Each structure stands twice: as structure tokens, then as C-alpha cells.
Amino acid sequence: MADTYDLIVLGSGPGGYVAAVRASQLGLKTAIVEREKLGGICLNWGCIPTKALLRTSEINHYLTHASAYGLSAEKTGFDLAAIVDRSRKVAGQLNAGVKGLMKKNKVTVVEGDGLITGTGMLSVTKDGKKTDLAAKHIIIATGARARDLPFAKADGERIWTYRHAMVPKEMPTKLLVIGSGAIGVEFASFYSDMGAEVTIVEMLPRILPVEDEDVSAFVHKALTKQGMKIHVGSGVDSLEVSKSGVKAAIKGAGTEAFSHAIVAIGIVPNSENIGLEALGVKTDRGHIATDGYGRTNVEGLYAIGDVTGPPWLAHKASHEGVVCVEAIAGLKPHPFETWNIPGCTYSRPQVASVGLTEAKAKEEGRKVKVGKFPFIGNGKAIALGEAEGFVKTVFDEATGELLGAHMVGAEVTELIQGYVVARQLETTEAELMETVFPHPTLSEMMHESVLDAYGRVLHM
């Protein structure tokens, strides 16, 4: 006989485990099914451990540039195994934290591969043993995985995905990064700051193609200044792998040898082999189609997170999970929308944005006012030795609505939330200009950018 619950969550990433916690808070008897580790890719192999690695490379950068701060650091070096070990321990600590959350909220954790066998039915298999579960509601939160090059699949030795790049057996000497989205640029930044010679290849006309064009251009220039080679409007036609490295045929640049290659060309949703086909669940290129409450076309079946499509972000998945569960519990939450989800890239320099780019706003027929303020005009940035970057804001000329905000430079991934809150509260330029920002802080640039959009900038 099947174990019965009010809700079963298939997948324990930041969407799944948050959904399970919220369900428990609302009094639903909940089980969560996970085939690997609680916390999913983000916590174990993505967001968190990569930030640990990037923190290491950031400190290494400061050590090698200590003289700029009046300090001396001689004979600097690093232990690759220790760097990886620290990153894995950070992930392990948070994995243990999710286990604690499940226990605290009385969520039953079932380990193994989940398969939806019918309406409200799910079986879990581990080590040949099958457990049957039943629930009125099932949420699919199975996430996504890295997309392989069709002609050169990752082998973990010379061709890596993000997962291999987080636990390198050796430090690349000459690294090829294929793809320049957030993942590609973050790994390019890490390995460059650790001493590798890095080349980025991007098929589209610019790196970080989803960002504002001014941001993309700035990052391109900054990474080139750091010593990286960047090929845009290009691609890799072939990869020839040997024991000593890879030879890449780069479109428009000829053939070049590298010690390793990272493939960061997108993701594939984990929607196959979980029973969707038999139920007739509607998908679009593998992504599960849902409404604003996570509901699929099959009664009692829901989906959240990366498996449902872009933006492929942990915080999007978590928020979707909360909305979905609250709807299941009858609370009438606002339907989930993607209009105010911030994006962050933790490279050097950092990138953060929310809302419409200037180009997108104009495409929509908006008349805009645009403000921009550089880091070099900010006292805190100069004192930090981080005077490169800018803040850009885009307003609707007629209404003063904050349409979008785009930042590049030190700590902008922490600053962006100010604009996210402003947009959520439907703040206009008037409220932002009247807001008092503390001095000296980097946040003052946010104020100045708003002022600049209306011809009132003070410090430039």
C-alpha cells in the first residue's frame, strides 16, 4: 500500500525544498523525493560552491595586487586541492542545513529516482527497492542539466561542464570557455584570476547577451584588459581531444590548442524519464508548460523552477514554489510573473540587472529617460580601489516608472535589490530622488543615476 501525503515534491533544489517548507508551514503533510543530494544543483554544484571558488580567486587577485593598497605579499601561491575542498565544505554545510530544515518542518525525505506512475501516484526506486507514494498534489521540481556540444560531449578530463569545472584535478594552463552567459563568464573570471590563459567564444554578437548592451560592452573591455581573448559572432566547429589537451577549430580565428575546455552553452530540462509522456503533460522543447500558479495541463500535477523554462535562476524557482504551494492551500496568492526577477553574474567585475534593457524598452515603443553614473564618481568606490563600473537606470518618460536597472562593478549583486524593491512597490523617479542614501556608500551611485536621468546629477 502506498504511503499517502497531501503533497509530494519531486526534486529538492531551491524550488523544491522551499515549496516543501512552505507546504509544511501551511499544514500539508509533505514528502520530498531526491535522487542525489538535498539542495539540488544550485546548492551542491552551482550557485553556492561557485561563489566559494570566486571568493578564492577574488582574494588571490587582491594578494597579487597588494601593492596597490600599500601592502606587500611575497611568494603568493595556492593549493588547488584545498581550494576545491573549501568549496565542497561550503556546499556540504548548506546541504546539512537543508536536511535540518526538512526535519524541523516534518517533511519526509525519500531518497531515490522518482517516477510518476499515474494521477496522484509516484514510485521511488533506490538500490533495486521500490517505494510507492500517493498524494492529491505532486510538484515537479527536477531542474535542468548542462547542454553538451553535439560533436564533443564532456568527458570530465579535457572537456568540462560546470560540474567538472568546480572540482578540477589540475589547474588549466590555457582554457577555452564556450559560451558567455553567466556561467561561462564566471568560470572564465575564476580561472583567469587563478593564472590560466582564458579564451571565450560566443556565438552571438556580444558576451552576456541578455544584459544591456552598455554592460556587455563594458565587461568585454574589462575582461580583455585582464588578458582574456574574446571571440564574438563566432563558434567552435570542432574539438579534437587528446591526452594532453584539446584542439579547437574556432570560426573566424583558426585552430588553437588548449589544455581544457568548458562547455557553457545552455541547459536541458530534466523532464524525461519521470512519467510525463504517459500522462500527456504538455511541454515546449522539453520544458513543462505551466500557468502562473505552477499548474500543468494535468489535474493535480504542478511544475516549478528550471524544468519550466527561463529565467533559469534559483530565486525564481523558490518564489515559484511558494506561489504554487499557497495556491494549492487555497490562499489566493498573486500569480507568478517574471517581470521583476533580478539576474546576477559574480565575475570580476560583477554584473546585476532587473527589468528592461534600454533597447528592449525602445522596442516596446516606450519613450525613455536614461541615467548613468560611473564608479569613478563615487568616494566609496575610489576608497575601495574599485573605481571601474557604472549604474544605469531606464525610466518611462511619461510616467516616471522605473523600467529597468543595470549595473557593473564591485558588489553590484548586493546593490541590485534596492531597485528590485523599488519596482515591486511601483516607485517612480520622484520617490527615488527624494530618498536619502547613506554616505559614503556604493549605493549613492544608484541615487545619482536616477538624478542623471532627469538632468539633476550632483557629482558628475
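The values are calculated or read from the model by the stated rules, or taken from the named source; none is laboratory data. Values in this document were obtained by computation on a predicted structure and should not be read as measured data. Please note: Cβ atoms are built from the backbone with ideal geometry, for glycine as well, and neighbour counts cover all protein chains shown. All accessible areas refer to the heavy atoms of the entire protein, side chains included, with ligands and DNA or RNA removed. Shrake-Rupley method; radii C 1.70, N 1.55, O 1.52, S 1.80 Å.
Scan the stretch 27-86 residue by residue and report those that are polar (S, T, N, Q) and either within 30 Å of Ile382 (Cα to Cα) or at pLDDT 95 or above (or both).
Thr30, Thr50, Thr56, Ser57, Asn60, Thr64, Ser67, Ser72, Thr76
Yes/no matrix, rows are residues, columns are (1) in contact with a helix residue (DSSP H, G or I) (Cβ under 8 Å, 6 or more places away or on another chain); (2) within 30 Å of Ala188 (Cβ to Cβ); (3) touching a residue at least 12 places away in the same chain (Cβ under 8 Å):
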residue	(1), (2), (3)
Ser57	yes, yes, yes
Leu63	no, yes, yes
Ala73	yes, yes, no
Asp79	no, yes, no
Ala91	yes, yes, yes
Asn95	yes, yes, yes
Leu101	yes, no, yes
Asp113	no, no, yes
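Inspect the stretch 357-368 for any residue being open to solvent by less than 10 Å² (accessible area, probe 1.4 Å) and not aliphatic (A, V, I, L, M) and give the result as yes or no.
Among the residues of the stretch 357-368, not one is open to solvent by less than 10 Å² (accessible area, probe 1.4 Å) and not aliphatic (A, V, I, L, M), which makes the answer no.
Which numbered condition trips up Lys380, out of (1) of a type in the set (Lys, Arg); (2) out of contact with any strand residue (DSSP E or B) (no Cβ under 9 Å at 6 or more places or on another chain); (3) assigned to a loop (DSSP other than H, G, I, E, B)?
Unmet for Lys380, out of (1) of a type in the set (Lys, Arg); (2) out of contact with any strand residue (DSSP E or B) (no Cβ under 9 Å at 6 or more places or on another chain); (3) assigned to a loop (DSSP other than H, G, I, E, B): (3).
Look at Ser72 and say whether it is open to solvent by 10 Å² or more (accessible area, probe 1.4 Å) and either over 30 Å from Phe336 (Cβ atoms) or aromatic (Phe, Trp, Tyr) (or both).
Taking the combined requirement at face value, the residue satisfies it.
Restricting to the stretch 252-277, count the residues that are charged (D, E, K, R) and exposed (fewer than 14 other Cβ atoms within 10 Å of the Cβ).
2
Given the residues Ser238, Ser244, which is the only one that is in a strand (DSSP E or B) and more than 30 Å from Glu388 (Cβ to Cβ)?
None of the other options fit; the residue is Ser238.
Only residues in the stretch 310-324 that are in contact (Cβ under 8 Å) with a residue 60 or more places away in the chain count as the first member; pair them with residues that are assigned to a helix (DSSP H, G or I), Cβ under 6 angstrom, at least 6 apart or cross-chain, and list the lot.
Within 6 Å, the pairs are Trp312/Asp306; Ala314/Cys42; Ala314/Cys47; Ala317/Gly305; Ser318/Val18; Gly321/Val18; Gly321/Ala19; Val322/Arg22.
Exactly one condition in (1) open to solvent by 40 Å² or more (accessible area, probe 1.4 Å); (2) touching a residue at least 40 places away in the same chain (Cβ under 8 Å) is false for Val9; which is it?
Among (1) open to solvent by 40 Å² or more (accessible area, probe 1.4 Å); (2) touching a residue at least 40 places away in the same chain (Cβ under 8 Å), the lone unmet condition for Val9 is (1).
Given (1) in contact with a strand residue (DSSP E or B) (Cβ under 9 Å, 6 or more places away or on another chain); (2) assigned to a helix (DSSP H, G or I); (3) open to solvent by 40 Å² or more (accessible area, probe 1.4 Å), identify the lone condition not met by Met102.
Failed condition: (3).
Name the residue, out of Gly114, Gly128, Gly92, Gly100, that is among the small types (Gly, Ala, Ser) and at positive phi.
Among Gly114, Gly128, Gly92, Gly100, only Gly128 is among the small types (Gly, Ala, Ser) and at positive phi.
Could you look through the stretch 266-285, keep only residues that are more than 15 Å from Thr308 (Cβ to Cβ) and of a type outside the set (Gly, Ala, Ser), and pick out the one that is nearest to the chain's Cα centre (by Cα)?
Per the criteria, the residue is Asn273.
Which strands (runs of 3 or more DSSP E) sit wholly inside the stretch 122-210 and have at least 1 residues that are open to solvent by 70 Å² or more (accessible area, probe 1.4 Å) and farther than 29 Å from Thr56 by Cα?
So the answer is 129-140.
Answer yes or no as to whether Ile59 is out of contact with any Lys or Arg (no Cβ under 7 Å at 6 or more places or on another chain) and open to solvent by 50 Å² or more (accessible area, probe 1.4 Å).
The answer is yes for Ile59.
Condition first: of a type in the set (D, E, K, R) and in contact with a helix residue (DSSP H, G or I) (Cβ under 9 Å, 6 or more places away or on another chain). Now tell me which residues in the stretch 19-47 satisfy that.
Hits for the stretch 19-47 are Arg22, Lys29, Glu34, Glu36, Lys37.
State all residues of the stretch 404-460 that are on the phi > 0 side of the Ramachandran plot, open to solvent by 60 Å² or more (accessible area, probe 1.4 Å) and in contact with a Leu (Cβ under 9 Å, 6 or more places away or on another chain); if no residue qualifies, say none.
Hits for the stretch 404-460 are Glu411, Glu426.
Of the conditions (1) over 25 Å from the mean Cα position of the chain (by Cα); (2) within 22 Å of Cys47 (Cβ to Cβ), Ser238 fails just one. Which one is it?
All conditions pass for Ser238, except number (2).
Enumerate the pairs (first residue in the stretch 203-223 and over 16 Å from Phe390 (Cα atoms); second residue anywhere and open to solvent by 10 Å² or more (accessible area, probe 1.4 Å) and among the charged types (D, E, K, R)) with beta-carbon separation below 8 Å, excluding pairs fewer than 6 apart on the same chain, so at least 6 apart or on different chains.
Listed pairs, sorted by first residue: Arg206/Glu213; Pro209/Glu202.
Which residues, counting only those in the stretch 178-214, are among the β-branched types (Val, Ile, Thr) and out of contact with any Ser or Thr (no Cβ under 7 Å at 6 or more places or on another chain)?
The answer is Ile178, Ile183, Thr199, Val210.
Of the residues Thr290, Thr345, Thr393, Thr308, which is under 25 Å from the mean Cα position of the chain (by Cα) and more than 30 Å from Val268 (Cβ to Cβ)?
Thr393
I need the full set of residues from the stretch 373-403 which are open to solvent by 40 Å² or more (accessible area, probe 1.4 Å), touching a residue at least 60 places away in the same chain (Cβ under 8 Å) and either over 25 Å from Ser189 (Cβ atoms) or hydrophobic (A, V, I, L, M, F, W, C) (or both), in order please.
The one that is open to solvent by 40 Å² or more (accessible area, probe 1.4 Å), touching a residue at least 60 places away in the same chain (Cβ under 8 Å) and either over 25 Å from Ser189 (Cβ atoms) or hydrophobic (A, V, I, L, M, F, W, C) (or both): Gly379.
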